[in-house]
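Peer 1: The structure that follows is given in the form of structure tokens.
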Amino acid sequence: MTPQFRFDNTYAKLPERFFARLPPTQVAAPQPIRVNVALAESLGLDGEALASPAGTAVLAGNVVPAGADPVAQAYAGHQFGNFVPQLGDGRAILLGEIVGGDGVRRDITLKGAGPTPFSRRGDGRAALGPVLREYIVSEAMAALGVPTTRALAAVTTGEAVWREAVLPGAVFTRVAASHIRTGTFQYFAARRDTEALRLLADYTIARHYPEAADAAEPYRALLEAVAARQADLVAQWLLIGFIHGVMNTDNMSVAGETIDYGPCAFMDAYDPGTVLSSIDQQGRYAYGNQPSIAHWNLTRLAETLLPLLADNEDAAIETAKAALASFRPRFMAAYEAGLCRKLGLPAASPQGVELVQDLLQRMSENAADFTLTFRSLADAAQDVAGDAAARAQFTDPAAYDSWAPAWRQALANAGHDPVAMRHANPAFIPRNHQVEAAITAAVERGDFTPFTDLLAVLARPRDDQPENARYRLPPKPEERVRATFCGT
Ligand code: AMP
Ligand code: MG
């Protein structure tokens, strides 16, 4: 039963220098791991067909489905601050686009689909572990309500990939609003190809920011709109303790989705300096640096747009600066409102912000678990007996006791909404040690049960799920994952 995709491709109709046209490379013996049936259905795809042997053949890249126009997209990017004029899809192939039931156009991409002209020295493949990590974390982010690329499916290839060790290979099917990155703009800017830049900007406006087309200055409006979406996105990351890990400009989607889950991780104990990525030696992409890095990346995007913003460079720079000035206030407003919601306060206020900053300071001094502390506040807000769980998060519980009365007073004054507060404070996040355990079981023992179980828990992150209480727990000292790896 070959799955049918109603492809309606637009990116592949852009000029040839936007991509390399090529099909995926076939693999030896693909086997299904999982199909995201709910997502498939929302996209108008037949989940059962995708899960069938014919579906597996498509998801592995062995069969190119009717209507696909496979391409590897060109892009550049700043990696850890260093500009690389050509990166591109070295192991991902865009099969095509489909318009879902919600009217939104989305890319269907195979990651790990074999070498492309952009592979440099890479093999074009993905190992099973990182595929499962991206599946788990991107679906958890979606369930948490954070804009993100999605996991449509994962299959094994029956082939080995050589990394630090010999590992089983896999292909991940990613669904994204698009794969246009800050680095896509940089690719053409580096080549001084203003015609391509304008085409790309117009394409991005039409696809993601149609309202910008009607603005007095459409390209300025585009920059402002991207800045706003990325400000909101990074605020959401911070509010759930997410660390992207590789915020290179090639990993920043101009559509404002979280993209390219590599060494990403959730923070356990609150510490703004938390870095888990093994490739981030300097801590450039630490939890608390993410807003300023997003701004740095947007500045790189703004630079690429200069030729479109005004006829003379000085005027263009002024326009870009004015557009970027909106980032900080937008981020702060989203972040502070979110923090106040986490305390149960319906609106941001200077007093609420002061309370939460005081709490965060105490949490960082007392190794308090970020997720559990806030979730227990939601319980404590309803019943003073809940204080026990909150104060237990602090190495010195007195740090909580001396903070809580002012918070209770603020809650009483503000009139608190328990449902909204629980919504702001999920109980379940993809904790590193649990993600690692699920990956290890699959990679070393071929046992996908922990992976499936973890996905089920993370699909309902705000429900209490008492039967799954163990998934709430931070790692025991011996379970702690100190570094996450890209595994590329
Ligand atoms: P990433 O670190 O996954 O964001 O990738 C950075 C760049 O390296 C992109 O151009 C990728 O396409 C490329 N890349 C990563 N892994 C591989 C691989 N196994 N084979 C070829 N290219 C790769
Ligand atoms: Mg990338």
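Peer 1: Given the conditions (1) of a type in the set (A, V, I, L, M, F, W, C); (2) more than 16 Å from ligand 2 (Cβ to nearest atom); (3) out of contact with any Leu (no Cβ under 6 Å at 6 or more places or on another chain), report the number of the one that Ala323 does not fulfil.
Peer 2: Of the numbered conditions (1) of a type in the set (A, V, I, L, M, F, W, C); (2) more than 16 Å from ligand 2 (Cβ to nearest atom); (3) out of contact with any Leu (no Cβ under 6 Å at 6 or more places or on another chain), the odd one out for Ala323 is (3).
Peer 1: I need the full set of residues from segment 234-257 which are more than 13 Å from ligand 1 (Cβ to nearest atom), outside any loop (DSSP other than H, G, I, E, B) and not aliphatic (A, V, I, L, M), in order please.
Peer 2: Matches in segment 234-257: Gln236, Trp237, Phe242.
Peer 1: Another question, then. Out of the residues in segment 7-33 that are loosely packed, with under 13 Cβ neighbours inside 10 Å and assigned to a loop (DSSP other than H, G, I, E, B), state the one that is nearest to the chain's Cα centre (by Cα).
Peer 2: Asp8
Peer 1: Can you pull out the residues in segment 192-201 that are surrounded by 15 or more Cβ atoms within 10 Å (Cβ to Cβ) and of a type in the set (Lys, Arg)?
Peer 2: The answer is Arg198, and nothing else.
Peer 1: Which condition does Gln186 not pass, out of (1) more than 30 Å from Leu39 (Cβ to Cβ); (2) free of Cβ contacts under 8 Å to residues at least 12 places away in the same chain; (3) not acidic (Asp, Glu), if it passes all the others?
Peer 2: Of the numbered conditions (1) more than 30 Å from Leu39 (Cβ to Cβ); (2) free of Cβ contacts under 8 Å to residues at least 12 places away in the same chain; (3) not acidic (Asp, Glu), the odd one out for Gln186 is (2).
Peer 1: With respect to Gln73, is the statement that it is surrounded by 19 or more Cβ atoms within 10 Å (Cβ to Cβ) and within 13 Å of ligand 2 (Cβ to nearest atom) true?
Peer 2: It is true that Gln73 is surrounded by 19 or more Cβ atoms within 10 Å (Cβ to Cβ) and within 13 Å of ligand 2 (Cβ to nearest atom).
Peer 1: Working carefully through the options Ala113, Ala154, find the one that is within 15 Å of ligand 2 (Cβ to nearest atom), in contact (Cβ under 8 Å) with a residue 12 or more places away in the chain and farther than 30 Å from Arg422 by Cβ.
Peer 2: Just a single option satisfies the conditions, and that option is Ala113.
Peer 1: If you don't mind, another one. For the list (1) farther than 22 Å from Arg150 by Cβ; (2) without any contact (Cβ under 8 Å) to a residue 60 or more places away in the chain; (3) under 22 Å from the mean Cα position of the chain (by Cα); (4) away from ligand 1 (no atom under 16 Å from the Cβ), I need the number of the one condition that Asp271 fails.
Peer 2: (2)
Peer 1: Using the structure shown, decide if Ile317 is in contact (Cβ under 8 Å) with a residue 40 or more places away in the chain and either of a type in the set (S, T, N, Q) or part of a helix (DSSP H, G or I) (or both).
Peer 2: No.
Peer 1: Here is a further query. I'm trying to understand the selection: among the residues of segment 406-455, which are in contact (Cβ under 8 Å) with a residue 40 or more places away in the chain, part of a loop (DSSP other than H, G, I, E, B) and surrounded by fewer than 20 Cβ atoms within 10 Å (Cβ to Cβ)?
Peer 2: Gly415, His416, Asp417, Phe448
Peer 1: Filter segment 34-49 for residues that are of a type in the set (D, E, K, R) and over 26 Å from the mean Cα position of the chain (by Cα) and give the result.
Peer 2: Glu48
Peer 1: Ok, one more. Taking segment 150-171, which residues are touching a helix residue (DSSP H, G or I) at 6+ places or on another chain (Cβ under 7 Å) and in a loop (DSSP other than H, G, I, E, B)?
Peer 2: none
Peer 1: While we're here: Can you list the strands (runs of 3 or more DSSP E) found entirely within segment 72-149 that contain at least 3 residues being assigned by TED's automatic domain parsing to the domain that holds Pro30 and away from ligand 1 (no atom under 16 Å from the Cβ)?
Peer 2: Once the strands (runs of 3 or more DSSP E) in segment 72-149 are filtered for at least 3 residues that are assigned by TED's automatic domain parsing to the domain that holds Pro30 and away from ligand 1 (no atom under 16 Å from the Cβ), what remains is 92-99, 105-111.
Peer 1: Still on this structure, I have one more. Pairs only if they're at least six apart or on different chains, beta carbon under 6 angstrom, first in segment 246-262 and at positive phi, second more than 10 Å from ligand 2 (Cβ to nearest atom); list them, first residue then second.
Peer 2: Every condition considered, the pairs that remain are Gly256/Pro147; Gly256/Arg229; Gly256/Gln230; Gly256/Leu233.
Peer 1: Quick check on my filter: what residues within segment 202-227 are surrounded by fewer than 18 Cβ atoms within 10 Å (Cβ to Cβ), assigned to a helix (DSSP H, G or I) and small (Gly, Ala, Ser)?
Peer 2: If the condition is that a residue be surrounded by fewer than 18 Cβ atoms within 10 Å (Cβ to Cβ), assigned to a helix (DSSP H, G or I) and small (Gly, Ala, Ser), then Ala206, Ala213 are the ones that fit.
The values are calculated or read from the model by the stated rules, or taken from the named source; none is laboratory data. Since the structure is predicted, the reported quantities are computational estimates derived from the model, not experimental observations. When we count neighbours, we look across all protein chains shown, and the Cβ atoms used for this are built from the backbone with ideal geometry, even at glycine.
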